[in-house]
Each structure stands twice: as structure tokens, then as C-alpha cells.
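No value in this document is a laboratory result; all are computed from the given coordinates. On a predicted model such as this, the values are computed, not experimentally measured, just so you know. Reconstructed Cβ throughout: ideal geometry from the backbone, glycine too, with neighbour counts over all protein chains shown.
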Amino acid sequence: MKKTAALTMALVIGAALAGCSGGSSEATQAKPSETAASSPETKLTTVPDIAGKPFADAKAALAGAGLTISIVGPDGTPWTTLEPGQQVAAVSTDPSAGSETDAKAVKLVVDTTEVDQQIMNDAIAAADGAVDSANTAASDAAAAAEAAAAAAAAASAAANSGK
């Protein structure tokens with residue numbers, strides 16, 4: 001009986017000491033359900049497949065998925081000042097198409113560098129200028145031809161009236 005009383009006393013003292021330690025570990029730790037309820041859920045976005053699409057269509061598809069873009073050339077150099085033109089095509093994204101991401105922005109790799117786009121813009125501007133100059137010259141030549149024809153008709157009429 002003394003052994004039973006000693007064992008009971010040890011259990012009571014152990015329980016009392018556990019209560020004095022500041023509470024049970026269950027009381028001081030957040031329960032998983034409480035933690036999940038107090039933290040906002042991370043919304044994942046699936047990156048659309050834009051490979052081979054014109055830049056404007058790829059940009060629209062990514063914006064439709066709620067993503068913003070940073071444009072990168074095929075050599076890895078970021079575009080900083082220009083917007084790709086209609087002849088530029090999308091190659092890939094980082095993160096890759098079909099993957100789920102919690103990021104708000106993706107890298108959009110295009111098939112042209114920004115330097116090449118600037119060269120293309122300059123060539124288009126020069127061609128447009130040449131076309132404008134040619135149109136002006138043609139218009140001036142047509143006006144001169146009309147004036148010459150009118151002068152010739154007047155000279156012919158004057159010559160015929162003298163007969």
C-alpha cells in the first residue's frame with residue numbers, strides 16, 4: 001500500500017508541476033486550423049501558353065491572366081524603352097507556360113532585341129519619308145505637266161486663231 005500511495009503522490013506532483021510550467025503545449029501553440037484561418041490564401045495563376053503569338057496577342061493573354069510583363073530579348077537583354085512592334089513574336093515566358101505561380105509579373109521572351117526593333121523603326125521611318133518625298137515629287141511633276149499642257153493648248157489656240 002505504501003508503494004501505491006507513493007506512486008499516486010508522484011503522479012499528483014507531476015501533474016501539478018506540469019500545470020506550473022505555464023500551461024500545456026497545446027494551450028501555447030496555435031492549432032493548424034487557427035493558423036490557416038488567420039493567414040490569407042495565396043492565389044496561384046496558371047501562365048498561359050503564348051509561344052509563337054504576335055507580341056500584342058501574347059501581352060493581352062498574359063494581362064487577361066492578371067499578369068504583368070517585363071520584356072526580354074532572345075539574348076536575355078531586357079527591353080527598357082520601346083514596345084515591340086507588330087512583327088515581333090513571343091517565344092516563351094518565365095515561369096514557363098502551364099506552370100502555376102503566385103508572382104504578379106512574368107518575363108516575356110520575344111524573338112527580337114530592342115536594338116533590332118530600333119533599327120526596324122528607323123528603317124520604317126526612312127521608308128515612310130522616302131515615300132512621302134516621292135509622292136510630293138510626283139504631285140509636283142503632275143502639276144508641271146498640267147501647266148505645260150495648258151500652255152501648249154493656249155499656244156496652239158493662238159496659232160490657229162491667226163490663220
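Determine one quarter of the surface area of the Cα convex hull of the stretch 42-163, which equals its mean projected area, and express it in nm² to one decimal. Kindly include the intermediate steps, with their values, before the conclusion.
Details: hull surface 43.5 nm².
Computed as one quarter of the Cα hull surface, the answer is 10.9 nm².
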Revision key, fill the gap. For the stretch 30-163, averaging the sequence separation of alpha carbon pairs under 8 Å that lie six or more residues apart and dividing by its residue count, the contact order in percent is 24
Exercise for review: Quick one: P(r) of the stretch 96-160 from all Cα-Cα pairs, 10 Å bins, percents rounded to integers, in order of increasing distance.
Suggested key: 16, 18, 16, 15, 12, 10, 7, 5, 3, 0
Practice item. Please name which of Ala130, Ala145, Leu82 has its Cα lying farthest along the dipole of the stretch 80-163 towards the positive end, using unit charges on Cβ (Lys, Arg +1; Asp, Glu -1) and the Cα centre as origin. Key: Ala145
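Extension gain Ala130-Ala159, at 0.36 nm per residue separation less the Cα-Cα distance, in nm?
Working: separation 29, 0.36 × 29 = 10.44 nm, distance 4.27 nm.
That pair, Ala130 and Ala159, stretches by 6.2 nm at full extension.
Work out how much length Ala51 to Val115 would gain on full extension: take 0.36 nm times their residue separation and subtract the Cα-Cα distance, in nm to one decimal.
20.9 nm
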